[in-house]
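Notes to accompany the following structure.
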Amino acid sequence: MRICISCAAGCEAALKRELYKLGYGDLPAVNGRVHFEGDYDDLCKCNLFLRTANRVYVELAAFKATNFDELFDGVLNIDWAAYTSINGKFDVVAKCVDSHIHAISVTQSITKKAICKKLAIGKILSESGERYRVEVAIVKDFVSVLLDSSGSGLHRRGYRALVGEAPLKETLASAILDYTVWNRSRPFADLFCGSGTFVIEAAMKAQNIPAGYMRDFDFLHWSKFNASTFENIKADAKAKILDEPIRLIGYDIDERQLSLARKHAQIAGVEKYVHFQKSDMREFSSAKKYGVIVTNPPYGERLSERKEVEKIMRDYGKVYASLNDWSAYTLTPVTDFERLFGKKADKKRKIYNGPIECCLYSMMGNPPPKTEKK
Ligand SMILES: C[S@@+](CC[C@H](N)C(=O)[O-])C[C@H]1O[C@@H](n2cnc3c(N)ncnc32)[C@H](O)[C@@H]1O
């Protein structure tokens with residue numbers, strides 16, 4: 001089967017690296033998508049292990065269509081019975097960009113009609129069984145029909161019981177961690193931790209807890225899939241989970257956010273590796289060297305908050321300056337962050353946090369000497 005993996009803008013490099021580490025080689029990422037030929041084992045591995053991907057799909061067809069007849073024929077040509085079942089519940093979602101076909105709801109109903117004609121030979125599908133989420137993407141008259149194996153987006157790890165204010169998506173937090181020099185031997189702190197996404201993702205990564213360890217996936221319920229394949233891969237992964245002595249720190253001034261963070265850490269099974277503290281970031285200090293801060297400070301959506309945000313950025317810069325050879329990675333849409341922080345970034349990377357254009361500013365401390373254990 002042709003597998004297609006999607007990720008958010010700015011996460012491509014991290015996703016490519018993850019796939020490389022999983023043994024898939026150096027795959028090109030085009031428009032936030034990576035393709036390769038694979039099988040059900042790969043669906044299992046990619047859904048279970050990838051920390052930075054949005055969804056894992058089976059690409060069922062790719063063809064050109066400038067009208068609904070061509071769309072219908074293209075969908076009808078797919079061997080639906082090879083992947084799905086007559087009892088399935090088909091949820092079709094569509095997007096049309098710069099194409100002759102631009103009516104989304106008609107695209108959805110034509111697609112469903114073609115699936116029904118092929119699978120149920122004209123009868124009405126009972127739709128009583130397992131879910132098949134089908135995505136039809138038409139971009140510049142080019143149609144791709146994707147069967148979504150993940151179900152809900154892969155950022156839903158299963159630990160976020162409740163959503164805090166302005167939480168970062170788990171997949172984005174994980175990609176950002178991948179862009180840092182942090183590894184489990186270095187101190188870690190998020191000085192504006194909110195609901196704890198960076199801290200929890202870092203702890204899961206450090207202890208080899210697979211990203212999808214706690215959640216369900218649609219493909220596990222597909223009638224053509226043998227569930228024992230996934231159980232075996234998950235059991236292998238379980239045997240590789242570590243219990244290393246690490247301690248990752250999160251500071252925040254909002255107790256409601258911190259109680260969410262603690263709850264999330266508990267559900268994720270990392271509570272003994274993390275410490276969430278109700279403190280102003282101005283109180284942060286550390287005698288340790290070579291630590292890493294990864295954070296996204298408040299950015300002040302309203303103009304009235306701008307002065308307060310500027311003060312926070314200035315004081316954050318002072319806290320950083322007092323630390324010994326620490327590195328700081330800060331995700332913010334504040335364009336004059338370097339001036340406020342009081343230091344030029346060693347590297348800047350454009351990243352979207354949802355619809356908000358942000359920059360990840362990397363301020364690098366000296367690396368630990370080569371002789372020290374990494
Ligand atoms: C953009 S949110 C961080 C969201 C977080 N990354 C998450 O995933 O939930 C910024 C956080 O900074 C906290 N904050 C604001 N001023 C602070 C200060 N002086 N010290 C520590 N935390 C502060 C807010 O309470 C808020 O939770």
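Some values worked out for this structure:
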item	result
Per-region count, segment 185-212, residues modelled with pLDDT of 95 or more, away from the ligand (no atom under 15 Å from the Cβ) and over 25 Å from Thr84 (Cα atoms)	9
Out of Leu125, Leu146, sole residue that is of a type in the set (A, V, I, L, M), at pLDDT 90 or above and more than 13 Å from Leu71 (Cβ to Cβ)	Leu146
Residues located in segment 272-317, provided they are touching a residue at least 40 places away in the same chain (Cβ under 8 Å), more than 9 Å from the ligand (Cβ to nearest atom) and part of a helix (DSSP H, G or I)	Tyr273
Some residue of segment 232-248 being farther than 25 Å from Glu18 by Cα, assigned to a helix (DSSP H, G or I) and outside the structural domain of Phe341 (by TED's automatic domain parsing)	no
Asp79, sole failed condition from (1) surrounded by 17 or more Cβ atoms within 10 Å (Cβ to Cβ); (2) under 15 Å from Val134 (Cα atoms); (3) charged (D, E, K, R)	(1)
Residue list for segment 217-231, restricted to those being exposed (fewer than 13 other Cβ atoms within 10 Å of the Cβ) and either modelled with pLDDT of 95 or more or charged (D, E, K, R) (or both)	Lys224, Glu231
Subset tally (residues that are under 21 Å from the mean Cα position of the chain (by Cα), assigned to a strand (DSSP E or B) and not hydrophobic (A, V, I, L, M, F, W, C)) for segment 46-70	3
Qualifying residue in segment 247-260 (condition: within 20 Å of Ser327 (Cα to Cα) and modelled with pLDDT under 95)	yes
Residue check for Ala321: over 21 Å from Ser195 (Cα atoms) and modelled with pLDDT of 95 or more	yes
Considering residues of segment 335-369 that are outside any strand (DSSP E or B) and under 23 Å from the mean Cα position of the chain (by Cα) only, the residue nearest to Ile293 (Cα to Cα)	Gly354
Ile115 vs. criteria in contact with a strand residue (DSSP E or B) (Cβ under 8 Å, 6 or more places away or on another chain) and under 30 Å from Asp41 (Cβ atoms)	yes
Residues (touching a Lys or Arg at 6+ places or on another chain (Cβ under 7 Å) and surrounded by fewer than 18 Cβ atoms within 10 Å (Cβ to Cβ)) located in segment 83-92	Lys89, Asp91
Selection status of Glu130, under 14 Å from Asp148 (Cβ atoms), modelled with pLDDT under 95 and acidic (Asp, Glu)	yes
Among the candidates Val145, Val199, residue that is crowded, with 20+ Cβ neighbours inside 10 Å, under 27 Å from Ser128 (Cα atoms) and hydrophobic (A, V, I, L, M, F, W, C)	Val145
Selection from segment 96-108 of residues that are surrounded by fewer than 16 Cβ atoms within 10 Å (Cβ to Cβ) and in a loop (DSSP other than H, G, I, E, B)	Asp98, His100, His102, Ala103
Conditions (1) in contact with an Asp or Glu (Cβ under 9 Å, 6 or more places away or on another chain); (2) hydroxyl-bearing (Ser, Thr, Tyr); (3) crowded, with 21+ Cβ neighbours inside 10 Å; number of the one not met by Thr111	(1)
Yes/no for Glu18 being at pLDDT 95 or above, surrounded by fewer than 16 Cβ atoms within 10 Å (Cβ to Cβ) and not assigned by TED's automatic domain parsing to the domain that holds Cys359	no
Wholly within segment 129-201, strands (runs of 3 or more DSSP E) carrying at least 1 residues that are outside the structural domain of Ser279 (by TED's automatic domain parsing), over 14 Å from the mean Cα position of the chain (by Cα) and basic (Lys, Arg)	131-139
Flag if His264 is within 28 Å of the chain's Cα centre (by Cα) and either within 13 Å of the ligand (Cβ to nearest atom) or among the small types (Gly, Ala, Ser) (or both)	yes
Any hit, segment 171-183, residues being surrounded by 20 or more Cβ atoms within 10 Å (Cβ to Cβ), within 14 Å of the ligand (Cβ to nearest atom), under 30 Å from Ala328 (Cβ atoms) and among the hydroxyl-bearing types (Ser, Thr, Tyr)	yes
Flag if Leu43 is more than 19 Å from Val145 (Cβ to Cβ) and either in a helix (DSSP H, G or I) or charged (D, E, K, R) (or both)	no
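The values are calculated or read from the model by the stated rules, or taken from the named source; none is laboratory data. Here the structure is a predicted model, which is why all the values come from computation and not from measurement. Quick reminder, even Gly has a Cβ in these numbers, built from the backbone with ideal geometry, and neighbours come from all protein chains shown.
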